[in-house]
Amino acid sequence: MNNTRTPLIVGNWKMNGTLESIQSLLTGIKTDTETLNNIQIAVCPPAIFIPYTKDMLAKTKIAWGGQDLSEHAKGAYTGEISGPMLQEYNCRYVIVGHSERRMYQQESNELVAQKFAAAIKANIIPIFCVGETLQQREDGITEQVVGKQVDAVIEHDSCALLGQGVIAYEPVWAIGTGHTATPEQAQEVHAFIRERIAKYDKKIAESIKILYGGSMKPDNAAELLAQSDIDGGLIGGASLKSADFVAICNRANAQAAV
Ligand code: PEP
């Protein structure tokens, strides 16, 4: 962690939850993070629960966001949700290019770059996910893959636009698998991402937040968050239990105070 970048902890609930379960989850998070002033916190519920989340989190410091958006602002795109729609519900963030969407919806680097631009246009901060598969890591091409993912947004949009977002490095082999990257493995790729951006713009490379995601849990969060280029976490499984999510927020808050 670096004290010039305020840490951000984001819960990605994926396709989980019922009105009843998210009421208790949000109540727990709301109550138990009230005194944490050194970090920013956000949750990304399934789209249908965004209006309810907005009502539950009104008057708190916790932000909310979408898990995806269309690259288009409106039109005949059945099933899609646009940036302006998320904006109407005061979403501060939207996740773009999550590996599950790259994998199951075949989202390309080009499409992710379009979605990134659509989010910025709607005044929403994109949380732009990058990361390599296990095969790519074993083939020794992690930097090549992640570098290409980052370049796609810079080349399609611009480095200045990238600088308005947040990056999440999420090794695909660590997502939902219980296999976390070691703090050193994560730090190495985070530093690489920052160097890659510095080739275009040093100031943006220094100021952009780069979160780690991939089986982050209360018992490994402190070590990961202690790395100088890790500015927070994108949390999947552990964000569905308020005690776990709050414990990660507490660790980040304590480390940010140092
Ligand atoms: C994610 O899907 O963004 C994620 C990091 O999931 P998990 O924490 O469950 O690995």
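The values are calculated or read from the model by the stated rules, or taken from the named source; none is laboratory data. Just so we're clear, the structure is a prediction, and the values are computed from it rather than from any experiment. All Cβ positions, glycine included, derive from the backbone under ideal geometry; neighbour counts span all protein chains shown.
Within segment 124-131, not a single residue is without any contact (Cβ under 8 Å) to a residue 12 or more places away in the chain, within 24 Å of Thr60 (Cα to Cα) and out of contact with any Leu (no Cβ under 9 Å at 6 or more places or on another chain). A search for C-beta distances below 9 Å between a residue of segment 232-251 that is under 15 Å from Gly178 (Cβ atoms) and any residue that is assigned to a helix (DSSP H, G or I) and within 9 Å of the ligand (Cβ to nearest atom), counting only pairs 6+ apart in sequence or on different chains, returns Asp244/Gly237; Asp244/Ala238. Output the residues belonging to segment 17-71 that are under 22 Å from Ala247 (Cα atoms) and β-branched (Val, Ile, Thr). Ile22, Thr27, Ile29, Thr31, Thr33, Thr35, Ile39, Ile41, Val43, Thr53, Thr60, Ile62 - these are the residues of segment 17-71 that are under 22 Å from Ala247 (Cα atoms) and β-branched (Val, Ile, Thr). Counting the residues of segment 91-113 that are within 11 Å of the ligand (Cβ to nearest atom) and either in a helix (DSSP H, G or I) or modelled with pLDDT under 95 (or both) gives 3. When segment 212-244 is filtered for residues that are in contact with a helix residue (DSSP H, G or I) (Cβ under 6 Å, 6 or more places away or on another chain) and assigned to a helix (DSSP H, G or I), the ones remaining, listed by number, are Pro218, Ala221, Ala222, Glu223, Leu224, Leu225, Ala238, Ser239, Ser242, Asp244.
Evaluate segment 156-174: report whether one residue or more is within 16 Å of the ligand (Cβ to nearest atom), surrounded by fewer than 17 Cβ atoms within 10 Å (Cβ to Cβ) and at pLDDT below 95. No, segment 156-174 contains no residue that is within 16 Å of the ligand (Cβ to nearest atom), surrounded by fewer than 17 Cβ atoms within 10 Å (Cβ to Cβ) and at pLDDT below 95. Selection of segment 66-90 for residues being assigned to a loop (DSSP other than H, G, I, E, B) and under 15 Å from Pro45 (Cα atoms) yields Gln67, Asp68, Leu69, Ile81, Tyr89, Asn90. The set of residues from segment 119-135 being closer than 15 Å to Pro171 by Cα and assigned to a helix (DSSP H, G or I) comprises Leu134, Gln135. Considering every residue within segment 199-207, establish whether at least one is closer than 17 Å to Ala186 by Cβ and under 17 Å from the mean Cα position of the chain (by Cα). No, there is no match, as no residue in segment 199-207 is closer than 17 Å to Ala186 by Cβ and under 17 Å from the mean Cα position of the chain (by Cα). Out of all the residues in segment 212-239, which are near the ligand (Cβ under 9 Å from one of its atoms) and out of contact with any Asp or Glu (no Cβ under 6 Å at 6 or more places or on another chain)? Scanning segment 212-239 gives Tyr212, Ser215, Met216, Lys217, Gly233, Leu234, Ile235, Gly236, Gly237, Ser239. Taking the condition within 18 Å of the chain's Cα centre (by Cα) and in a helix (DSSP H, G or I), does Phe116 pass? Here the answer is yes, as Phe116 does meet what is asked.
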